[in-house]
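What follows is a single structure, written as structure tokens, with notes after it.
Coordinate-derived values only; no laboratory data. Being a predicted model, the structure only gives us computed values, none of them experimental. Cβ atoms come from the backbone with ideal geometry, glycine included; neighbour counts cover every protein chain shown.
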Amino acid sequence: MTTRQIVDEVLVADNPVLGQRVAYVLPCIPDGAPHALREGIARRRVAATTGTCPCGAVVDYGDRRPGEVGVGEVYHRRSCPADTDRLDEACRRWVS
């Protein structure tokens, strides 16, 4: 039996919105996963690192100061593969 899982990686890059170097903890795109899951994760990675998703959603980083840990809020369009409900469903189908 094969165990399917999504693993995280740490990526350090300049954030164009915050204007500072940021360490991101982002999910890796799993090999062999269905398109909907791969696309949803890819879009979330793009949104986190650029501040905008291809669907037009904008990341709200809040009032972050250097050295603080936080989570950016993003409200993707319902039709976007990165929408939480759509991505959760794609993940559930893949791991079961």
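Structural remarks
- Structure-based [θ]222 nm, the chain - -39500 (n - 2.57) summed over DSSP H runs of at least 4, per residue, nearest 500: -9500 deg cm²/dmol
- Euclidean distance of C-alpha centroids, region 81-96 and region 1-62, integer Å: 15 Å
- Folded to 0 to 90 degrees: helix 84-95 orientation relative to the chain principal axis, Cα: 40 degrees
- Taking the charge dipole of the chain about its Cα centre, with +1 at Lys and Arg Cβ atoms and -1 at Asp and Glu Cβ atoms, the residue from 3, 34, 72 reaching farthest to the positive side is 34.
- Amide H contacts of residue 77 (H built 1.01 Å from N, under 5 Å, at least 5 apart or other chain): 57
- Rounded to the nearest 20 debye, the dipole size of the chain about its Cα centre is 220 debye, using +1 on the Cβ of Lys and Arg and -1 on the Cβ of Asp and Glu.
- Each of 94, 24, 55 was placed along the dipole of the chain (beta-carbon charges, centred on the mean Cα), and the one lying farthest toward the positive end is 94.
- Were the residues from residue 31 through residue 6 laid out at 0.36 nm apart, the gain over their Cα-Cα distance would be 8.0 nm.
- Folded to 0 to 90 degrees: helix 35-50 orientation relative to the chain principal axis, Cα: 10 degrees
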